[in-house]
Structures are given as C-alpha cells and as structure tokens.
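In what follows, a single structure is set out as structure tokens and then discussed.
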Amino acid sequence: MPYYDDFGKKKMTRKDHLRQDANKPDEGRDYRGYKEKGRGKPEPQGFRRDNRSGFSGNGRFEKRFDDRGKGNRFHDRPAPQPERRPLPPPRPAEPREEEAPENLLTGRNPIREALKSGRDIEKLLVAKGDLSGTAQQIVAMAHEAHVPVQMVERIRLDELAKNHQGMIAFASAYQYADVDDMLELAQERGEDPFLIILDGVTDPHNLGAVIRTAAAVGAHGVIVPERRAVGLTPAAVKASAGGIEHIKVARVTNLTNEIKRLKSKGIWLYGADMQGENFRRVDYSGPCALVIGSEGDGVSRLVLEQCDHVVSIPMRNPAMESLNASVAAGILMYAAAACRE
C-alpha cells in the first residue's frame, strides 16, 4: 500500500510516514488531561459560542432556551422567568342610571294618544323610510296639530330610546297658553298689554331667563314661534326657576302674522337691533310688545319691518358687538316697565 504526505502528492514509504506521525503534537493530550482531572470534555478548538446572537463560530445556530424555559446542552440552569404578579380583581361596574327625559314619548300608541288629547308636542322625529301603516296616520295628525315633523336616521332614534318603533316625540314640559288669554289678563288687571316676543331664540337657558325676568317686571306673557326656536323644554322650565308658574307662554305658527294681528289691536312693537335708536330715548308707555332676536342673527328682516320702533343698546366697549339675548331682553323690559309706572 503506498503512502502519501499530508497533501496527497508525494509518495512516502511506511518508515517515513511513521516518522511524520511521531513529530506531530499529541492531539488527544488535552482531552486526556481534562478527563483525568474531572473537568469534563473541553470545547473543540475553533468553536466559539456567541451568547448575544445565538450563533456559534462554526456557523451553527445554537438555541439557548427551548419553549419550556429549560436550558439546552450549553446551559444547564433554567431560564430566568419574569415576575408574575397576580392581577387585581376587576372592579364591579357601577350601575348607570339612564333615565329617559320626562317629556320623551316613545312608541306609536303613546304618541297617537298624546296628539288626540291635545297635549303640546315640541317636535316629532320619524325614522326615514318608516311611513307605513299607523306611521302615516300619526304624521298626518302631527301636521294638523302644527307639530314640526323631522325625518332622521334610525341610529339617532336608537341613541335617544331603545323601543321607539321608529317614532319619538318631545312633549312640552308645560302647557302653552293663547295670546288672547294674555290680552284678557291685561284687561282684568286694568293695565295696558305688555308682551315679550322672542324671534329665533334657540337656547333653552335664554328662554328660561327671559320668562323669569318677564314675570318679575309684570309682563302679561311671552310669545315664541313654533319653528326654528326653542319651546318649553324641561331645560327651559328649569332655567326659569319657577317663573313659568307666574306668567303665560304662547306659541304661534307664524310670528309675522301674529305681529300684524297685535298691531291691529293697538299694540306698538319695539324691535331690538344694533342700528336702532338708543333705548333710553324711546317712550314705551301704552300697549307695547318688545321683540328680541337671537344672539347670533338678531330679529329677522320680515319681523323687523313690522316693528313700529327699532331700539338698540349702546356698547361702551367697541369690541363687544351684542349682548346675550336674555340680558338684552332684561334691560329693555325694565326700561319699558319704568315708562309704564
């Protein structure tokens, strides 16, 4: 059998081959030394364990810990486990007291009966596409009673009530009176009629404040329109702080026509507008009615054209363009009351 050197090129005799092996270092020396001293088997030369990346020097991937957290052959100790603290017991949910407003009517039968009895309804909300059967009858009754009807999405009705049957009505928190009742009250007291007309006031707190001030100055009634204005909602009644019990409130379909009718009865109309005359220079004696508009838009053009006098409240600070509707109404009411004494 021929012998070759380490490179496999040069032929060698058996004697030369044994001589070459004798000159090589003892490769098993380290193994025998560790074995005798009880140190275990050393790691092979050229092998380097990388604890950061998990890759060894020879290109093999070494998994440090298995899925159960136990050490592999290079790590005998168990893997560190994160501290697990017991979760606190869940807090019991506090019961929510969701009480429906007292003036909210849900369901077709309650709304139909309310319309039959003549109860004052602020507005009627009807789900879109739900005008079959009794729904058409209820909507027709609402139109006959001059109740505003709004077609809305069903999701809006779901936010207000659960079992609404496609209809929700807002009833007035207080019974409305008639304008003629106010004139009769002034006649019974032996006084000239003193009325407050609100045009486009949509804030219930403003309406409540005007009602309370009107009762305080001795006015005979407050008139509000049916559409695009707030009515006697629970918020308005609450804001009046009991004033609603001492004054009449009427709701009319067409405010312009009602003003014409009042003028035919000898009542003078005073509209509040920034372009009007100083309110201190106007005589309010005799039958009069003050017309107050909304804070943003003021008195509408058609209503302002029907007024006999246009008055304004001067602003000492030019940065302020207007007053709150209830504040302006209070100033004019007491100015008129001073002239009527």
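Computed values, structure above
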read-out	value
Yes/no for Leu269 being touching a strand residue (DSSP E or B) at 6+ places or on another chain (Cβ under 6 Å) and in the same structural domain as Leu195 (by TED's automatic domain parsing)	yes
Members of the stretch 166-223 found to be of a type in the set (S, T, N, Q), over 22 Å from Ala145 (Cβ atoms) and free of Cβ contacts under 8 Å to residues at least 60 places away in the same chain, listed by number	Gln187
Search result, residues across the stretch 121-168 that are within 22 Å of Pro225 (Cβ to Cβ) and not aliphatic (A, V, I, L, M)	Glu122, Lys123, His143, Glu144, His146, Pro148, Gln150
Pairs with Cβ under 9 Å, 6+ apart, first in the stretch 250-261 and within 12 Å of Ala229 (Cα to Cα), second part of a helix (DSSP H, G or I) and not polar (S, T, N, Q)	Val252/Val179; Val252/Glu258; Leu255/Leu302; Leu255/Val303
Selection count where residues are surrounded by fewer than 16 Cβ atoms within 10 Å (Cβ to Cβ) and of a type in the set (Val, Ile, Thr), scope the stretch 162-213	1
Count - residues of the stretch 128-148 that are touching an Asp or Glu at 6+ places or on another chain (Cβ under 7 Å) and more than 13 Å from Thr253 (Cα to Cα)	1
Where Ala142 falls short, out of the listed (1) part of a helix (DSSP H, G or I); (2) out of contact with any strand residue (DSSP E or B) (no Cβ under 6 Å at 6 or more places or on another chain); (3) at pLDDT 85 or above; (4) not hydroxyl-bearing (Ser, Thr, Tyr)	(2)
Scope the stretch 149-194; condition modelled with pLDDT of 90 or more, in a helix (DSSP H, G or I) and among the hydrophobic types (A, V, I, L, M, F, W, C); matching residues	Val179, Met182, Leu183, Leu185, Ala186
Qualifying positions in the stretch 262-274 - in contact (Cβ under 8 Å) with a residue 40 or more places away in the chain and farther than 22 Å from Leu207 by Cα	Lys263, Lys265, Ile267, Trp268
Inter-residue pairs, beta-carbon under 7 Å, first among the polar types (S, T, N, Q) and in the stretch 275-296, second not in a strand (DSSP E or B), 6+ apart	Asn278/Pro314; Ser285/Cys339; Ser285/Arg340; Ser294/Gly200; Ser294/Val201; Ser294/Thr202; Ser294/Ala325
Flag if Val126 is farther than 25 Å from Ile259 by Cα, modelled with pLDDT of 85 or more and β-branched (Val, Ile, Thr)	yes
Members of the stretch 273-296 found to be assigned to a strand (DSSP E or B), over 20 Å from Val179 (Cβ atoms) and within 40 Å of the chain's Cα centre (by Cα), listed by number	Asp273, Met274, Gln275, Gly276, Ser294
Residue check, Pro110 part of a helix (DSSP H, G or I) and at pLDDT below 85	yes
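The values are calculated or read from the model by the stated rules, or taken from the named source; none is laboratory data. The structure displayed is predicted, hence computed values, not measured ones. Please note: Cβ atoms are built from the backbone with ideal geometry, for glycine as well, and neighbour counts cover all protein chains shown.
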